[in-house]
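First the structure, in the form of structure tokens, and then the observations on it.
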2 protein chains.
Amino acid sequence: MGIEIKIALNEGLYLKDPQDSVLGRNIIKHSILLLSDLGFEAFNFKKLAQEMNSTEASIYRYFENKHLLLLYLVSWYWEWVAYLIRINTLNIDDPKRKLEIIINSFVSASVDNPTTDYVDESKLHSVIIAEGMKAYHTKEVDEENGKGFFKNYKQLITMVAGVISEINPTFEYPYALASNLFEMSNNHIYFAKHLPRLTDIKVGENKYSEVEKMLNYFATNLLR
Amino acid sequence: MGIEIKIALNEGLYLKDPQDSVLGRNIIKHSILLLSDLGFEAFNFKKLAQEMNSTEASIYRYFENKHLLLLYLVSWYWEWVAYLIRINTLNIDDPKRKLEIIINSFVSASVDNPTTDYVDESKLHSVIIAEGMKAYHTKEVDEENGKGFFKNYKQLITMVAGVISEINPTFEYPYALASNLFEMSNNHIYFAKHLPRLTDIKVGENKYSEVEKMLNYFATNLLR
DNA sequence: TATTTATAATAGTTATACTATCATTTTAAA
DNA sequence: TTTAAAATGATAGTATAACTATTATAAATA
């Protein structure tokens, strides 16, 4: 019933598409909650199975290991942010306004999406902030990149870089600025919460307006 | 004999100061090499012991676990960069010139330091680029921050933020810019090597001049 | 209803992350 | 120089993580 969004993710990330079954969607749902509670290091499939009243072996039929599950969630997030940007910039022509919307999407990707009830976007965002970079800081990065596992991230950054180049076609670092705005957004929310002396901004419970203001300031001053 | 530099690090990071014994210095030396080879996930104390012809139990007498060993190395790196900046800005008054030197120190902290023969600074830099952020992205970050485990990072950023504020006292984000320049430096070297579509710059074997140029461009345009 | 497919229940294997104990070597103190 | 203390090595052991395999049962489909 109703509109169902199916997020297109690289098939190498999973053994069996978790979006296609109740158990699969449950794995996604509970892994977000448990990762948010325990962090990636303490998280494992045994605990996840207990949490969702299933078994370790069942989860292993969907994901090879917890690293690929994390990468699946991170890819999901990248796609979701790209989707948010797409729908929110639909009728907007001014690239400066588009970049503002992009930055807002980076920062407040926490707004819950009613069409995917098994993903708590706000919780997923916290997981990305705390664990996201672990998905691509591994010894297997080149091998996995060869399999296209980071395509969603690259597509997102390419789109943002396009908008940046629209604003200022002579700007030499559109890709670097795009990825930096994304990384900076997550990083400074993390810093504000845990290592506040590494930043100047403050955040409240899901209130990231100062981060947004800072990113807009950085972007505007670099692109003028 | 000769000049010996002893780097001051938080005592909670280790059980026994590794700088004070041959075995301890060997642990530092070989852990840098092995982390660089295997990455943090595949690295463990058993392999490290084999590599240096010692035993697991002996290493556990110096470090509680591999996470704290990584944090020790990362802290060492933060101190080493701060030291580099200090000696290279000794007689410099112009804060703009100071920031250039800071950026150069972030990027090329790879230059080997002759006074600490057990630390290969170039290899350590690669470890920081690939694994550094894992030292402070854990569930224990608040607890460890309370124990002062990240003091070296905060001091480094505070020093850089000071220079930034000298250049432009009205700039609102000195700490954020400082930490961003540091993180961006490591991140974009990593991207250039492994996920080149996330950046615009290219790097060669320990040749990071494009990163340096980009960071200077970002800093200059934000602070003018 | 028969048959395939998905999941659960259970058990087992190998590796990691430690801890404990005792022997031996090195260092430092008497 | 002997003796005690401290550091390291050798060895073994425990708990948990990260899987794999097997069989039973339930659900879906033909």
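Looking at chain B, the pairs of alpha carbons with a distance over 32 Å make up 20% of the total. Give the shape of region A:139-217 as rounded, prolate or oblate, defined through the alpha-carbon gyration tensor: a ≥ b ≥ c are the square roots of its eigenvalues, a/c under 1.5 means rounded, and otherwise the shape is prolate if a/b is larger than b/c and oblate if not. Oblate shape, in that a/c is at least 1.5 and b/c is the bigger or equal ratio. Normalised radius of gyration (Cα atoms, divided by 2.2 N^0.38 Å) for region A:1-127: 1.14. What are the nm distances, shortest first, from A:THR170 to its equivalents in the other copies, labels at 7 Å along Cα→Cβ? Listed shortest first, these distances are 2.4 nm. Rolling a 1.4 Å probe over the protein heavy atoms leaves A:ARG197 with an accessible area of roughly 130 Å².
Overall, region A:71-223 carries a charge dipole of about 220 debye about its Cα centre when +1 sits on the Cβ of Lys and Arg and -1 on the Cβ of Asp and Glu, all other atoms neutral. Dividing the summed helix terms, -39500 (n - 2.57) for each DSSP H run of n ≥ 4, by the number of residues in chain B produces a 222 nm estimate of -20000 deg cm²/dmol to the nearest 500.
The GNM of chain B, with springs linking C-alpha atoms under 10 angstrom apart, assigns the highest mean-square fluctuation among B:ASN180, B:ASN88, B:ASN53 to B:ASN53. With its label point put 7 Å out from Cα toward Cβ, B:ARG224 sits 1.0 nm from the same residue's point in the other copies, in order from shortest. So, in Å, what gap is there between the alpha-carbon centers of region A:19-62 and region B:4-45? A separation of 35 Å, based on Cα centres. Relative to the dominant Cα principal axis of chain B, helix B:121-131 is inclined by about 90°.
For B:VAL203, the accessible surface of its heavy atoms amounts to roughly 40 Å² (probe 1.4 Å, protein chains only, rounded to the nearest 10). Heavy-atom surface analysis with a 1.4 Å probe gives region A:1-136 a carbon and sulfur content of 50 percent of its accessible area. Taken one residue at a time, the phi angles of region A:7-17 give Karplus couplings (6.51, -1.76, 1.60, θ = phi - 60°) of 7, 7, 10, 3, 5, x, 6, 9, 8, 9, 5 Hz. Gly and Pro are set to x.
Chains A and B together bury some 4500 Å² of accessible area, summed over both sides, with a 1.4 Å probe. Summary for A:ASN206: label point 7 Å along Cα→Cβ; distances to the equivalent points in the other copies, ascending, 5.0 nm.
Peptide A:171-183 has a mean shielding of 6, counted as Cβ atoms of other protein chains within 10 Å of each residue's Cβ. Taking GluC sites (Glu not before Pro) that fall in a DSSP loop and have at most 10 other Cβ atoms within 10 Å as cut points, what is the longest piece of chain B between them? In chain B, the maximal stretch lacking such sites is B:5-204.
Evaluating kT/(6 pi eta Rh) at 10 °C and 1.306 mPa s, with the Kirkwood radius of the protein assembly as shown over Cα pairs in the Stokes-Einstein relation, gives 69 µm² s⁻¹.
The values are calculated or read from the model by the stated rules, or taken from the named source; none is laboratory data. The shown structure was predicted, so the numbers you read here are calculated from the model rather than taken from an experiment. Positions of Cβ are backbone-derived with ideal geometry, glycine not excepted, and every protein chain shown enters the neighbour counts. These accessible areas exclude ligands, DNA and RNA; they are computed on the full protein's heavy atoms, side chains included. Shrake-Rupley method; radii C 1.70, N 1.55, O 1.52, S 1.80 Å.
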